[in-house]
1. If you check ALA336 against the conditions, is it assigned to a helix (DSSP H, G or I), surrounded by fewer than 17 Cβ atoms within 10 Å (Cβ to Cβ), under 21 Å from the mean Cα position of the chain (by Cα) and not acidic (Asp, Glu)?
2. Any residue that is assigned to a loop (DSSP other than H, G, I, E, B), of a type in the set (Val, Ile, Thr) and farther than 12 Å from SER150 by Cβ - is there at least one of those in the stretch 275-286?
3. Kindly provide the set of residues from the stretch 235-256 that are crowded, with 19+ Cβ neighbours inside 10 Å and within 19 Å of GLY52 (Cα to Cα), ordered by number.
4. Taking the stated definitions as given, is LEU316 in contact with a Lys or Arg (Cβ under 9 Å, 6 or more places away or on another chain), in a helix (DSSP H, G or I) and not small (Gly, Ala, Ser)?
5. Here are some conditions: (1) surrounded by fewer than 24 Cβ atoms within 10 Å (Cβ to Cβ); (2) under 15 Å from the mean Cα position of the chain (by Cα); (3) closer than 21 Å to LEU83 by Cβ. LYS142 meets all but one. Which one does it not meet?
6. Among all residue pairs at least 6 apart or on different chains, which show Cβ distances below 7 Å where the first residue, located in the stretch 219-231, is among the charged types (D, E, K, R) and the second is assigned to a helix (DSSP H, G or I) and at pLDDT 95 or above?
7. What are the residue pairs meeting all of these: first residue in the stretch 366-383, first residue assigned by TED's automatic domain parsing to the domain that holds LEU312, second residue of a type in the set (Asp, Glu), Cβ atoms under 7 Å, and 6 or more apart or on different chains?
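The values are calculated or read from the model by the stated rules, or taken from the named source; none is laboratory data. In this text the structure is predicted, and so the values were computed from the model without any measurement. With ideal geometry, Cβ positions are generated from the backbone for all residues, glycine too; neighbour counts draw on all protein chains shown.
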Amino acid sequence: MKKSEHNYLPKQYRANNSLPINHNYLPFQFEDSEEVINEIRKLVKKGDFTLGEAVNDFEDKFKKIVKAKYALGVGSGTDAIFLSLKAQGIGEGDEVITTPYTFYATIGAIVTTGATPKFVDVGLDYNIDPHNIEGAITTRTKAIVPVHWSGLICDMKSISNIAHKYNLSIVEDACHAINAEREGKTAGFFSSTACFSMHPLKNLNVWGDGGMIVTNDKNIYDKLSLLRNHGLRNRDICEIFGYNSRLDTLQAIVGNHYIKKINHITDSRILNAQFFDRELSKLSQISIPKRIKGNKQVFHIYVIRVKERDELQRFLINNGIDAKIHYPIPMHLQPASKEFGYSKGDFPLAEKICLEALSLPVHEFISTEQREYILSKIKDFYS
């Protein structure tokens with residue numbers, strides 16, 4: 001019998017042994033797993049599987065890193081965005097402004113609430129351009145979802161001013177942005193909630209899906225606490241009908257282990273990105289996103305733009321370098337967005353980025369020699 005194709009490991013996440021320099025670093029990341037496995041053995045004996053003590057510990061550690069008053073573990077980064085929108089009353093008939101240059105989950109979370117995504121174009125930093133937001137606001141607009149692409153926090157001061165002027169909620173998609181800062185402020189400082197992902201290939205990862213919501217608003221925190229757990233006030237009282245999106249205790253155990261390494265992970269990625277910025281900026285054929293001076297971008301991915309993107313990607317792969325595309329099609333041109341009525345040319349910069357963007361491995365396990373090799377091969381391509 002043929003195996004089901006509904007459950008699969010996406011090609012881009014497979015460790016390809018033929019490529020010595022890979023985007024998938026999980027075999028290295030999880031080499032020291034014995035300590036985690038020992039803690040899981042204790043969990044099995046204890047039976048503390050749902051919203052357990054390890055979840056409390058992980059939430060406490062997480063909120064300290066992002067300097068928030070409250071943190072709430074949920075099932076995924078997608079759920080974090082969805083629940084944050086629901087907690088602020090976003091639903092059927094509402095519009096939510098966001099960027100077309102993002103992963104599908106951002107838009108899926110908006111649509112699942114019953115709301116409609118309203119796209120606006122990005123700026124030269126590849127984040128949503130605040131100058132485009134005000135013109136997209138209608139009487140149906142209820143929220144803005146800025147996406148901190150590649151771990152660069154958006155211009156939240158400008159976005160916050162617009163939201164305040166029009167009485168809009170802000171839900172930050174910070175799934176790329178654990179440990180990032182802008183002008184000394186972390187994700188969540190300027191908004192109602194910030195939403196993080198611990199997917200296996202995120203900077204802080206677990207052994208499956210996991211998400212975190214942070215907020216400084218006690219009322220929103222209390223509402224989210226209900227929404228993630230069926231709306232239960234206690235075992236016998238259901239205050240509102242909610243959802244089942246609890247962070248598993250097992251994943252919290254994994255998170256508690258790897259969160260201790262987040263500063264090393266962040267520093268290594270920044271160092272690798274700075275090397276590529278410095279060296280690749282010397283090549284006229286390569287465009288690098290605008291870097292915001294004085295801000296801490298944590299480089300979940302490292303993206304360059306080149307006109308010969310597909311040719312360069314093939315060349316690098318043929319030379320053992322796992323170059324990828326984030327993302328080949330902007331959200332407004334995806335088949336799923338057909339009902340929203342957008343057309344090619346509506347958001348020219350986002351569309352241009354998607355045609356030219358190429359991601360290079362930048363994770364903490366890339367060695368100095370491997371960085372130099374990647375650079376040399378890019379130079380060879382253009383020589």
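1. On the way: assigned to a helix (DSSP H, G or I): yes; surrounded by fewer than 17 Cβ atoms within 10 Å (Cβ to Cβ): yes; under 21 Å from the mean Cα position of the chain (by Cα): yes; not acidic (Asp, Glu): yes.
Against the criterion (assigned to a helix (DSSP H, G or I), surrounded by fewer than 17 Cβ atoms within 10 Å (Cβ to Cβ), under 21 Å from the mean Cα position of the chain (by Cα) and not acidic (Asp, Glu)), ALA336 qualifies.
2. Yes.
3. In the first step, residues of the stretch 235-256 are kept if they are crowded, with 19+ Cβ neighbours inside 10 Å; the result is 242, 245-256.
Once the filter is applied, which keeps residues that are crowded, with 19+ Cβ neighbours inside 10 Å and within 19 Å of GLY52 (Cα to Cα), the stretch 235-256 yields SER245, ARG246, LEU247, ASP248, THR249, LEU250, GLN251, ALA252, ILE253, VAL254, GLY255, ASN256.
4. Yes; evaluated as a whole, the condition is true for this residue.
5. So LYS142 meets the others, but not (2).
6. LYS223/ALA87; ARG228/LEU83
7. What qualifies is LEU375/GLU279.
Residue-by-condition table, conditions (1) modelled with pLDDT under 95; (2) under 17 Å from PHE82 (Cβ atoms); (3) not charged (D, E, K, R):
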position	(1), (2), (3)
CYS175	no, yes, yes
ILE178	no, no, yes
GLU183	yes, no, no
PHE189	yes, no, yes
MET198	no, yes, yes
LEU204	no, no, yes
MET212	no, yes, yes
ASP217	no, no, no
ILE220	no, yes, yes
